[in-house]
1. Angle, helix 54-63 long axis vs. longest principal axis of the chain, Cα atoms, 0 to 90°, nearest 10?
2. Assuming a viscosity of 0.692 mPa s and a temperature of 37 °C, what translational diffusion coefficient in µm² per second does Stokes-Einstein assign to the stretch 14-180, Rh being the Kirkwood radius over Cα pairs?
3. Note down the net charge around Gly157, summing +1 for each Lys or Arg and -1 for each Asp or Glu among other residues with Cβ under 13 Å from its Cβ.
4. At 0.36 nm per residue, minus the direct Cα-Cα distance, what do Tyr180 and Met88 gain on full extension? Give it in nm, one decimal, please.
5. What is the sum of charges, Lys and Arg at +1 and Asp and Glu at -1, for the other residues whose Cβ falls under 15 Å from the Cβ of Ala72?
6. Expressed as an acute angle from 0 to 90° and rounded to the nearest 10, what is the orientation of the C-alpha long axis of helix 125-147 relative to the principal long axis of the chain?
7. Report, to the nearest 10°, how far helix 14-32 tilts away from the longest principal axis of the Cα atoms in the chain, using its own Cα long axis and a range of 0 to 90°.
8. Restricting to Cα pairs below 8 Å that are 6+ residues apart, what does the relative contact order work out to for the chain? Please round to a whole percent.
Amino acid sequence: MSTQTTQSNIANPAPLGLLGFGMTTCLLNLHNAEIIPLSIVIVAMGFALGGAAQIIAGIMEFLKNNTFGATAFTAYGFFWWSLILIWMNPFSKIEAADAVSMGYYLGFWGLFTGFMFIGTLKHNRATQIVFGSLTILFFLLSAANFTGSAEIHTIAGYVGIFCGLSALYNAMAQIVNNEYGKTILPL
């Protein structure tokens, strides 16, 4: 039996996923940093770009046989959809989320992201920065929920803005570098 390699003709889905992640993360963390209120703007962006765009990118990564990208984008896409469900609580017979539950929810996402960060040690520096800062963000948000500390929550917001901007840079660098066929923006 012979082994055949086929080259994928699917475009690189990572910039779409990173764009969805980065823009939504920036927007939500502008709220966490107490710069803007939580509004339908954040919810809509979370549903469309944070959720749907990342899930689409994740499915495309599965087709490219990229386990890391597939897992990251689909998981974080569904994170956004689950967060929206938590906020909206359309299930009237189920108790709304409390701070302790949210602390555990965000803590588990921090744990998952910490392990994904370990995977980035085989990737470029830009991806390491995204996942490293995201790990810190989740653990800060978890701590803020467990302690009720507004200060930790605000600090988390600024870490989140940095994380989102680093994802946007990563997305744009991949697009620009691909378009020019050389490294214009280092990763």
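Just so it is clear, none of the values below were taken in a lab; they were calculated from the coordinates. Since we're looking at a predicted model, the values are computed, not measured. Using ideal geometry, Cβ is built from the backbone for each residue, glycine included, and neighbour counts are taken over all protein chains shown.
1. Around 30 degrees separate the two axes.
2. 205
3. Values: positive: none; negative: Glu34, Glu151.
Residues near Gly157 contribute -2 overall.
4. Numbers: separation 92, 0.36 × 92 = 33.12 nm, distance 4.34 nm.
Separation in residues times 0.36 nm, less the Cα-Cα distance, equals 28.8 nm.
5. Values: positive: Lys64, Lys122; negative: Glu61.
It works out to a net charge of +1.
6. Helix 125-147 sits roughly 20 degrees off the main axis of the chain.
7. 20
8. On the way: 256 pairs, mean separation 52.5, N = 187.
Answer for the chain is 28 percent.
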